[in-house]
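Written below as structure tokens is the structure these notes are about.
Each value in this text was obtained by applying a stated rule to the coordinates, not by laboratory testing. On a predicted model such as this, the values are computed, not experimentally measured, just so you know. Counting neighbours? That spans all protein chains shown, and the Cβs are built from the backbone with ideal geometry, glycine included.
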Amino acid sequence: MHKKYFEDAATVAKYATCYRARCGSVIVSKRNVIIGRGYNAPPLGDETQRTCDVEYHTDKKPKSDKTCCVHAEWNAIIDALKNYPEEIEGSTLYFMRIAGDNSFTEAGDPYCTVCSRLALQSGIRWFGLWNGGPQMIDTKKYNLLSYDFYR
Ligand SMILES: [Zn+2]
Ligand SMILES: [Zn+2]
């Protein structure tokens, strides 16, 4: 069952327009319905908002988020909150980053503290990463693990 949703996330990732990574995410409700989808792209898909190529002066980097586009997870969460606000509680988020040939890549350890807080705060219960197979992590644990990454 989990594998299917990682495949769905990989399909969504094909639409990613970020220059740095191709990521996709789907959110699945407790009754096993996909309630949110997202891929990483500039805000609103607006090219004037693209920051993928921006090079920051080392002492002037954005402090709370050094990445560029709207993350696939943020877009999936916004999508779910807009269309199925009653169903995000207790749901499961699946994340997938695909390679140039569309194959699955390993997510590695959690490290995005923005996604980890947003997933937890929005009521998502499980955060799914692909690491040789499905790795399903409680969002409370996921958030703490994301901070541990930098210790
Ligand atoms: Zn980008
Ligand atoms: Zn993130």
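Remarks
- Of all residues in region 11-46, those being touching a residue at least 40 places away in the same chain (Cβ under 8 Å), within 20 Å of Met1 (Cα to Cα) and outside any strand (DSSP E or B) number 6.
- Count of region 41-90 residues which are among the small types (Gly, Ala, Ser) and on the phi > 0 side of the Ramachandran plot: 2
- Identification of helices (runs of 4 or more DSSP H) wholly contained in region 64-151 with 3 or more residues that are in contact with a Ser or Thr (Cβ under 6 Å, 6 or more places away or on another chain) and of a type outside the set (A, V, I, L, M) yields 139-148.
- Considering Asn40, Asn75, the condition of being of a type outside the set (A, V, I, L, M), touching a His at 6+ places or on another chain (Cβ under 7 Å) and buried (at least 20 other Cβ atoms within 10 Å of the Cβ) is satisfied by Asn40 alone.
- Scanning region 83-98 for residues that are surrounded by fewer than 16 Cβ atoms within 10 Å (Cβ to Cβ) and in contact (Cβ under 8 Å) with a residue 24 or more places away in the chain turns up Asn83, Glu89, Gly90.
- When region 1-37 is filtered for residues that are among the β-branched types (Val, Ile, Thr) and surrounded by 15 or more Cβ atoms within 10 Å (Cβ to Cβ), the ones remaining, listed by number, are Thr11, Val12, Val26, Ile27, Val28, Ile34, Ile35.
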